[in-house]
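K.L.:
Before I ask anything, here is the structure I am working with.
The values are calculated or read from the model by the stated rules, or taken from the named source; none is laboratory data. Here the structure is a predicted model, which is why all the values come from computation and not from measurement. Quick reminder, even Gly has a Cβ in these numbers, built from the backbone with ideal geometry, and neighbours come from all protein chains shown. Quick note on the areas: whole protein, heavy atoms, side chains included, nothing else; ligands and nucleic acids left out. Shrake-Rupley method; radii C 1.70, N 1.55, O 1.52, S 1.80 Å.
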Amino acid sequence: MTQIPPPGSIVVSDWHRCKDSKEYFSKILHRQKRRHFGLLESPLMPPNAAVDTINYKIFISGKSGVGKTALAARLAGWNIPNMHYETTGIETTVVYWPVKIRESGRVLFFRLQLWDCGENALRRFDHLLPSCKEQVDAVLFLFSFTDRTSFDDLSNQIAKWTVPAAGRVVKLVVGTKFDLFMHCDVPERDVKEFQETWSLPVLRVGGEVSDGLDDVAPLLNCLTEQLWHQDCITVRSTSQHSQ
């Protein structure tokens, strides 16, 4: 198992608050709110500040009702639907996130294409899961703090992605509805035990979405950090084999 880098060891975790980041984050904002990007759109930087953009495919996995669609909307800065509805097929959301590499000071734009597919649709149509898995770079395993069964189902979800055929895929666990502590069915001791067993990071998100970047920065920084770390490992491994 690939060793997980300590948070903030590769990317500057609070860079979105620094003065030198404003030029870059302004390209994903419009009137202090997140800009919506289509599949063919991208942030426009001036020639003197052009940065490399790296593309990744992210699959969001979880039981129906845990908040997969809501998480995709949160990370993109969209409004979360007031009513829950089952995703009938595959929905994709594009998220751009600039990061600064701590060691080199290099700035990169990460283009994250989030894939969300309804649980019932995956069961009914056999071709959907292979499409979601094809050339995937990371998986977000979701559970809800208000639904114990979704937490207990994590081991089954993760097991589907630990076979050799899955290749090197970054894995993160996200607990949703963390702010609804009055209805919490998953105590912290169980989350801690899960982390020790699976050696996977567990991030927490609430239900409200703000117009700022602070509520999504921890998750997006953690995800991009692990994706970059995984790419660096792959490059080193390929270089060693070619020598």
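K.L.:
Return the residues of the stretch 164-193 that are of a type in the set (K, R) and either surrounded by fewer than 11 Cβ atoms within 10 Å (Cβ to Cβ) or modelled with pLDDT under 90 (or both); say none if nothing qualifies.
P.N.:
R168, K177, R189, listed by residue number.
K.L.:
Touching a strand residue (DSSP E or B) at 6+ places or on another chain (Cβ under 6 Å), at pLDDT 80 or above and open to solvent by 80 Å² or more (accessible area, probe 1.4 Å): does that describe R106?
P.N.:
Considered against the rule, which asks whether it is touching a strand residue (DSSP E or B) at 6+ places or on another chain (Cβ under 6 Å), at pLDDT 80 or above and open to solvent by 80 Å² or more (accessible area, probe 1.4 Å), R106 comes out as no.
K.L.:
Determine which member of the set I60, I54, I28 is farther than 16 Å from F110 by Cα and either β-branched (V, I, T) or free of Cβ contacts under 8 Å to residues at least 12 places away in the same chain (or both).
P.N.:
Step by step, each of I60, I54, I28 is checked, and only I60 is farther than 16 Å from F110 by Cα and either β-branched (V, I, T) or free of Cβ contacts under 8 Å to residues at least 12 places away in the same chain (or both).
K.L.:
Checking the condition under 24 Å from N79 (Cα atoms), modelled with pLDDT of 80 or more, acidic (D, E) and within 21 Å of the chain's Cα centre (by Cα), which residue from D211, D153, D215, D231 passes?
P.N.:
Going through D211, D153, D215, D231 in turn, just one is under 24 Å from N79 (Cα atoms), modelled with pLDDT of 80 or more, acidic (D, E) and within 21 Å of the chain's Cα centre (by Cα): D215.
K.L.:
Turning to a different aspect of this structure: Being open to solvent by 30 Å² or more (accessible area, probe 1.4 Å) and part of a loop (DSSP other than H, G, I, E, B) is the requirement here; does I80 meet it?
P.N.:
Yes.
K.L.:
Okay, next question. Considering each residue of the stretch 84-93, count those that are crowded, with 18+ Cβ neighbours inside 10 Å and in a strand (DSSP E or B), and give that number.
P.N.:
1
K.L.:
Kindly indicate whether W115 is in contact with a strand residue (DSSP E or B) (Cβ under 8 Å, 6 or more places away or on another chain), within 17 Å of A217 (Cα to Cα) and either surrounded by fewer than 18 Cβ atoms within 10 Å (Cβ to Cβ) or not acidic (D, E) (or both).
P.N.:
Taking the combined requirement at face value, the residue does not satisfy it.
K.L.:
Please work out if G77 is of a type outside the set (F, W, Y) and more than 27 Å from F145 (Cβ to Cβ).
P.N.:
For G77, the condition - of a type outside the set (F, W, Y) and more than 27 Å from F145 (Cβ to Cβ) - is not met.
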